[in-house]
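The values are calculated or read from the model by the stated rules, or taken from the named source; none is laboratory data. Treat the numbers as computed from the prediction; the structure is a model and nothing was measured. Positions of Cβ are generated from backbone atoms using ideal geometry, with glycine treated the same way; all protein chains shown enter the neighbour counts. Surface areas here come from the heavy atoms of the whole protein model, side chains and all, with no ligands, DNA or RNA. Shrake-Rupley method; radii C 1.70, N 1.55, O 1.52, S 1.80 Å.
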Amino acid sequence: MKPLILFDVDGTLADTFDTSMALAKKLAPHYHIPLIPDAEIQKLRGLTVREVIRALEIPWYKMPLFVSRIRKELTQHMHTVKAFPGIISLVRKLHEDGYRIGIISSNSKKNVDIFLKTNKFPAFSIMHAGLGMFAKPRMLKRFAKHSLYIGDETRDIEAAHKANIPIIAVTWGYSSKDALKKHQPTALVDTTAQLSAAIRRIALKSTKV
């Protein structure tokens, strides 16, 4: 049986990094959060979410409201957010080849729906969006049997490890390649061609188990 292919959205399917960072800088003063110098943003990509929060000295109690506000503001921009090159074709090919495909995302369902519709993705059979920042492990455990997760952040790798499912980390998203490598994903890929090959390699292995 072919595994269920679950995708993260931001940084994996959707190129939201620059827009999200611009919104974070715009909203930071409203929550008395220190502004992030442009020169420091790239350094943050080498850190985990918890390390970023500590580095920026953001009180934990402010994070839910801050992140929620960014997501709401992001809604106004989702129709302009582009999919990463080659990712729509890859998802369409998986769909045509009979794989079940799904979404596990922290972004809101409204934002995800706008993005998928605007970029004309094929239908996803499973959709779980609007999850808390650290809620992915619990959700992934629901699909632990015969599934595969694809994400771009260190917390995606951590979530997949906790759920005991394979994880392919893509290097074109929010976390740096070095940071991703340290967290030991099942596979680490730089291109959609490598992603396609890794999916099929892991899928073939899972059918033999």
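Working from Cα positions, state the angle (0 to 90°, nearest 10) between the long axis of helix 192-207 and the longest principal axis of the chain.
So the helix axis and the longest Cα principal axis differ by about 50 degrees.
For the stretch 140-209, what class follows from the C-alpha gyration tensor (a ≥ b ≥ c being the square roots of its eigenvalues): rounded when a/c is under 1.5, otherwise prolate if a/b is larger than b/c, else oblate? Don't skip to the answer; put the middle values down first.
Numbers: a/c = 2.25, a/b = 1.25, b/c = 1.80.
Judged from the Cα gyration tensor, the stretch 140-209 comes out oblate (a/c at least 1.5, b/c at or above a/b).
List the extent of the Cα atoms of the stretch 1-80 along each of their three principal axes, largest first, rounded to whole Å.
50, 28, 27
Of the options 46, 107, 58, report the single residue whose Cα projects farthest towards the positive end of the charge dipole of the stretch 37-168 (beta-carbon charges: Lys, Arg +1; Asp, Glu -1).
The listed residue farthest towards the positive side: 107.
Debye sum, Cα scatterers, the stretch 54-145, no solvent: what log₁₀ I/I(0) at q = 0.13 1/Å?
For the stretch 54-145 at q = 0.13 Å⁻¹, log10 I(q)/I(0) is -0.55.
Any idea of the accessible area per residue across the chain, 1.4 Å probe, to the nearest Å²? Write down the numbers at each step before the final one.
Working: 10570 Å² over 209 residues.
Result: 51 Å² of accessible area for each residue.
Mind checking the angle between helix 87-96 and the chain's longest principal axis? C-alpha axes, 0 to 90 degrees, to the nearest 10.
It is inclined by approximately 30 degrees.
I'd like the distance between the alpha-carbon centres of the stretch 158-209 and the stretch 38-111, rounded to an integer number of Å.
Their Cα centres are 17 Å away from one another.
Using a 1.4 angstrom probe on heavy atoms only, work out the carbon and sulfur share of the accessible area of the chain in %. Don't jump to the answer; show the numbers that get you there.
On the way: 5890 of 10570 Å².
Summing carbon and sulfur atoms, their accessible area is 56 percent of the total for the chain.
Enter the per residue convex hull volume of the chain, computed from alpha-carbon coordinates, in Å³ rounded to the nearest integer. Walk me through the intermediate numbers first.
Working: hull volume 23.0 nm³, N = 209.
Residue-normalised Cα hull volume stands at 110 Å³.
Anything over 23 Å Cα to Cα? Flag those among 82/181; 72/117; 120/181; 25/120; 93/136, in the order listed. Walk me through the intermediate numbers first.
Working: 82/181 26 Å; 72/117 18 Å; 120/181 32 Å; 25/120 30 Å; 93/136 26 Å.
Cα-Cα > 23 Å for 82/181; 120/181; 25/120; 93/136; rest within.
So what is the calculated 222 nm ellipticity per residue for the chain, using -39500 (n - 2.57) for each DSSP H run with n of 4 or more, over all residues, to the nearest 500 deg cm²/dmol?
Details: 10 runs with 95 residues, N = 209.
It comes out at -13000 deg cm²/dmol, rounded to the nearest 500.
With both bridge residues required to lie in the chain, what share of the DSSP beta bridges run antiparallel, to the nearest 5%? Spell out each step's value before the answer.
Working: 1 of 18 bridges.
Rounded to the nearest five, the antiparallel share is 5 percent.
Give the angle, between 0 and 90 degrees and rounded to the nearest 10, that separates the Cα long axis of helix 17-27 from the longest principal axis of the Cα atoms of the chain.
On a 0 to 90 degree scale, this one is about 30.
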